[in-house]
Amino acid sequence: MNKKVEFVEVVVLILFILSILISGWAGWELYLQYKSSQQGRLDFFVIFLFTVSIAISNLMEVRLSEHSGFAIDTFFIIATLLNLPFPYSSLCVFIGETLTEFFKKKALIRQVFNVSQFTLNATLVSLFVSQFIKPGKFNLTFRNLSLFIAAAFFFTSVNSILHSIVVSLSTKKRLVDAWLLLAPYPINFYPLVAMGIIGILFAYFASIKSYYGAILSAFPVYLLYLLFKRTAILEETLSGTLKAMTTALEAKDPYTADHSKRVAEYSRKIAEKLGLPLTDIKRIEQAALLHDLGKIGTPEEVLYKPGKLGYFEWKLISRHPEEGASILASIPLLKDIEDYVLNHHERANGSGYPNRKKAEEIPLGAQIIAIADAYDAMRSPRPYRAPFSPETAIRELTQSKAYQFNSEILSKLKEVIVENPHLEERPLPVCVLPKMDKEQKQTQEELNA
Ligand SMILES: [Fe+2]
């Protein structure tokens, strides 16, 4: 076990002790309330209602990837914080999460961390909202609705930051990469809004003590849970389809497969640096992985030919963007990446193929893939030449009139190269063939990209 993981364990243990102390204090206060006179006593049914709602909604977690999951308990936690004073709100979260978290198939440290961070995060938000609203007085005014949204944002942000720190420490990834790993892709914005509305209604009905109203308003959550689960299954099916296609491509041409994986990683990192939305980043990465899918239909003797290609051979291989796009067009889930694959050999000055498009007509995703593709091709050894150094490849991409790439994308590529030395490792050349003339080399370079 390495040192950083041990450090993570100590941090999690401290968080857990803190959450037990707060919950224990709340429990003691509750006991004193129970023993005291009836006047001003807390409504124990409300505590029960919120604890059960947190527990059930925590069970409705949709796993999105190894590290990322989406639980719908956030809005029920916020409803609790708006209805119960501190520290009782923290106790509800602690019991609700503890009752269910340990039934999930996760490592113990992750379960302990989840319970602790939810309790402490809820405590923070509870103290925050109590500055603006008296617990149990949540009515549907603009001010209160804004407070609900602010509380949900605050809670989700702290949750996301704490999770990213722990994943970063335990996986040794950069904080921003850990954050991207945890992003709840492919959950969309509108179902989240629906979930927020349910949370607001739940908080309101509980506040006016209409418990039937609260329970009835919470029921649609199950339908949303089914929707999220279906979205996650569709995304998993899509990943499986991509994997199957990549494997088929690898069987046809091992070079193309390795090259495609690197192009996918370069493209994803460039897209991240450009600050594109998560959905676009995912689609660009998927398109980059499959950009040469159309080569699956290219005859081997053309694909592996080391020398200059004849006119008809060139025609055959230059059909691969269209063929790749037409394969993707037949799969509805992959339809939106078709455009990136179709345009990955277009060039800003209109010298590319298949449609000789100009810069403004080429989708940004295709431009990113084109740069990553050209760079990786130059960095890889060929039978007729040694690999270009990163500096030479960048110089070529920047100065060559054949490319005219977008300068912003190029500058992001330079950053990616510096930050990811593992991407610069390449297999050694197998053989070196007799020298080609300048024209032969240029044609071969363009075809291999
Ligand atoms: Fe290509």
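What to note about this one:
- Note on the range 237-275: residues that are within 20 Å of LEU181 (Cβ to Cβ), assigned by TED's automatic domain parsing to the domain that holds LEU410 and free of Cβ contacts under 8 Å to residues at least 24 places away in the same chain amount to 2.
- Residue check, ALA152 in the same structural domain as PHE132 (by TED's automatic domain parsing), over 21 Å from the mean Cα position of the chain (by Cα) and touching a residue at least 12 places away in the same chain (Cβ under 8 Å): no
- Among the residues of the range 126-134, some residue qualifies, meaning at least one is farther than 17 Å from SER53 by Cα, aliphatic (A, V, I, L, M) and part of a helix (DSSP H, G or I).
- The combined condition, being modelled with pLDDT of 90 or more and surrounded by fewer than 18 Cβ atoms within 10 Å (Cβ to Cβ), is not fulfilled by SER351.
- Subset of the range 329-349 [more than 14 Å from the ligand (Cβ to nearest atom) and not polar (S, T, N, Q)]: ALA329, ILE331, PRO332, LEU333, LEU334, LYS335, ASP336, ILE337, GLU338, ASP339, ALA348
- The criterion of being modelled with pLDDT of 90 or more, assigned by TED's automatic domain parsing to the domain that holds PHE50, buried (at least 21 other Cβ atoms within 10 Å of the Cβ) and touching a helix residue (DSSP H, G or I) at 6+ places or on another chain (Cβ under 7 Å) does not hold for ASN114.
- Being closer than 25 Å to TYR304 by Cα, away from the ligand (no atom under 14 Å from the Cβ), more than 29 Å from the chain's Cα centre (by Cα) and of a type in the set (D, E, K, R) is a property that holds for ARG382.
- Entry remark, the range 122-151: residues being of a type in the set (A, V, I, L, M, F, W, C) and surrounded by fewer than 21 Cβ atoms within 10 Å (Cβ to Cβ) number 11 in total.
- Within this structure, ILE371 fails the test of being away from the ligand (no atom under 14 Å from the Cβ) and modelled with pLDDT of 90 or more.
- Residue match in the range 269-283 (condition: within 16 Å of the ligand (Cβ to nearest atom) and either assigned to a helix (DSSP H, G or I) or aliphatic (A, V, I, L, M) (or both)): no
One line per residue, one yes/no per condition, for (1) in a helix (DSSP H, G or I); (2) touching a residue at least 60 places away in the same chain (Cβ under 8 Å):
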| residue | (1), (2) |
| --- | --- |
| GLY324 | yes, no |
| LEU333 | yes, yes |
| VAL341 | yes, no |
| HIS344 | no, no |
| GLY352 | no, no |
| ARG356 | no, no |
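- Per-region count, the range 216-230, residues free of Cβ contacts under 8 Å to residues at least 60 places away in the same chain and part of a helix (DSSP H, G or I): 7
- Residue list for the range 285-307, restricted to those being in contact with a Lys or Arg (Cβ under 9 Å, 6 or more places away or on another chain) and either more than 19 Å from SER260 (Cα to Cα) or within 15 Å of the ligand (Cβ to nearest atom) (or both): ALA288, LEU289, GLY294, LYS295, ILE296, GLY297, THR298, LEU303, PRO306
- Test: residue in the range 136-156 that is touching a helix residue (DSSP H, G or I) at 6+ places or on another chain (Cβ under 8 Å) and over 17 Å from ALA203 (Cα atoms): yes
- The residues of the range 20-77 that are of a type in the set (S, T, N, Q) and at pLDDT below 85, listed by number, are GLN33, SER36, SER37, GLN38, GLN39, SER65, SER68.
- Hey, SER207 buried (at least 20 other Cβ atoms within 10 Å of the Cβ) and touching a helix residue (DSSP H, G or I) at 6+ places or on another chain (Cβ under 9 Å) or not: yes
- Total residues in the range 104-147, condition closer than 21 Å to PRO87 by Cβ and not small (Gly, Ala, Ser): 23
- Residue selected from the range 358-367 under the condition within 13 Å of ILE409 (Cβ to Cβ) and part of a helix (DSSP H, G or I), by the criterion modelled with the lowest pLDDT: ALA359
The values are calculated or read from the model by the stated rules, or taken from the named source; none is laboratory data. Since we're looking at a predicted model, the values are computed, not measured. Methodologically, a virtual Cβ is constructed for each residue, glycine included, from the backbone with ideal geometry; neighbour enumeration extends over all protein chains shown.
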